[in-house]
Amino acid sequence: LLAAAFATTALATGAVAQTEAISEFRIGILGGENAQDRMNSNECMRAMTEDALGVPTKLFAPADYNGVIQGLLGGTLDMAWLGASAYAAVYLQDAEAVEPVLVKINVDGSYGYHSIGFARADSGITKLEDVKGKVFGFGDPNSTSGYLIPSIEIPEATGSTMTSGDYFGEVKFTGGHEQTIVAVNNGDIDAGVTWADGQGNWEDGYNSGALRKAVDAGLVDMNDLVEIWRSKPIPEGPVVLRTSLPQDVKDKMTALVDNLYENDPDCAYGVAAGDSLGFDPITHDAYVSI
């Protein structure tokens, strides 16, 4: 899932649990596209955050999802747009580490998305059954759409496991959504999964998601690809705030992201990985099933 995270180093005094000030704000960005593009897409957010909080703000793009998860758990990151399963990973290790506050809203007002299975259009692959015995690619093991959901739903559909040699000839982890898209497009793997809202036109990479970002970056022509599978709707992952942040910082950052679409649609497009209606409030209850 594309995504954004925000973090801070706080100045604590004595045994006071609630910090009273922050000295800097670090924005970490969940994987989905290459590091430089992630940085570029979120530079506007970095600048806005620096203005809003009045402290130096930096961008970080960890190599994998676990980098953001561990940053939140360790207190070196304070705010993140996580995938649903990445949020679950944080919550299961420390239920008090973060609190979900906002979720991305699709252009139809929903906040779900899909894991999309796809292949090259000239491969002859049009459905999951056609990938039997071939090479199938996942992104990151902590990705909801890039691993968790398809690793449950695909075996249900095929009556097999995801072990190499069982149904698929080989199962590979590519490292992320963009890597999966490029690997399929280049013919390095036969098929794979990524994330998209599933709305709008296939030719555009749908309205938002990793396919849309790949199209925008000029990495693929969607006419060269074909959808072969789609998961059930997945709840979009939350923007989370580290629980121990000063309340005024949490309030400012929640308002900044909540109003991003209205205040700067171009910035919102980059942060939200495509067309959306911005972000709306969400709570932990939305993610109990995940």
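The values are calculated or read from the model by the stated rules, or taken from the named source; none is laboratory data. Note that the coordinates shown come from a computational prediction; the quantities given were computed from them, not determined experimentally. Virtual Cβ from ideal backbone geometry, glycine too; neighbours counted across all protein chains shown. We work out accessible area using only protein heavy atoms, side chains counted, and drop any ligands, DNA or RNA first. Shrake-Rupley method; radii C 1.70, N 1.55, O 1.52, S 1.80 Å.
With both labels modelled 7 Å from their Cα along Cα-to-Cβ, the Val288 to Lys134 distance reads 4.1 nm. So if we plug the beta-carbon distance of Glu170 and Glu50 into 1/(1 + (r/R0)^6) with R0 = 51 Å, what FRET efficiency do we get, rounded to 0.05? Efficiency, from the Cβ-Cβ distance: 0.65.
Can you classify region 108-182 as rounded, prolate or oblate using the Cα gyration tensor, where a ≥ b ≥ c are the square roots of its eigenvalues, rounded means a/c under 1.5, and otherwise it's prolate if a/b beats b/c and oblate if not?
Numbers: a/c = 1.44, a/b = 1.35, b/c = 1.06.
Rounded.
Of the residues Pro62, Pro235, Pro155, the one that moves most in a GNM of the chain with alpha-carbon contacts below 10 Å is Pro155.
Kirkwood hydrodynamic radius for region 35-89: how many Å is it when counted over pairs of different Cα atoms?
In region 35-89 this quantity evaluates to 12.2 Å.
Distant-in-sequence amide contacts of Ala21, defined by a placed amide H-H separation under 5 Å and a gap of 5 or more residues or a different chain, comprise Leu11. Can you work out the PRE-style zone for Ser244? Point 7 Å along Cα to Cβ, and I want the residues of region 33-71 with backbone N under 20 Å. Label zone hits: 67-71. Think of each Lys and Arg Cβ as +1 and each Asp and Glu Cβ as -1; about the Cα centre, that makes the dipole of the chain roughly 520 debye. Using C-alpha pairs under 8 Å with a sequence gap of at least 6, the mean separation divided by the residue count of the chain gives a relative contact order of 26 percent. Across region 222-289, the fraction of Cα-Cα pairs farther apart than 21 Å, rounded to a whole number, is 45%.
Shown for region 225-282: the carbon plus sulfur share of the solvent-accessible area, taken with all protein chains present and a 1.4 angstrom probe, equals 50%. Take the Cα radius of gyration of region 11-145 and divide it by 2.2 N^0.38 Å, N being the number of residues; the result is 1.32.
Tell me the mean residue ellipticity at 222 nm calculated for the chain from its helices only (DSSP H runs of n ≥ 4, each -39500 (n - 2.57), averaged over every residue, nearest 500).
Values: 9 runs with 89 residues, N = 290.
Computed mean residue ellipticity for the chain: -9000 deg cm²/dmol.
Legend: distances between Cα atoms for Lys58/Lys250; Lys127/Lys232; Lys104/Lys232; Lys127/Lys172; Lys58/Lys172; Lys134/Lys213; pairs beyond 22 Å are Lys58/Lys172; Lys134/Lys213. Full extension of the chain segment joining Asn66 with Asp251 gains 64.0 nm, where the gain is 0.36 nm per residue of separation less the Cα-Cα distance. Enter the angle in degrees (range 0 to 90, nearest 10) between the Cα long axis of helix 247-258 and the first principal axis of the Cα atoms of the chain, meaning the one along which they spread out most. That helix lies at roughly 40 degrees to the long axis. In a fully extended conformation the segment linking Ala35 and Trp202 would gain 57.6 nm over its present Cα-Cα distance, using 0.36 nm per residue. State the label only: which of [x] 0.99; [y] 1.10; [z] 1.04 corresponds to Cα Rg over 2.2 N^0.38 Å computed from the shown model? It is the value labelled [x].
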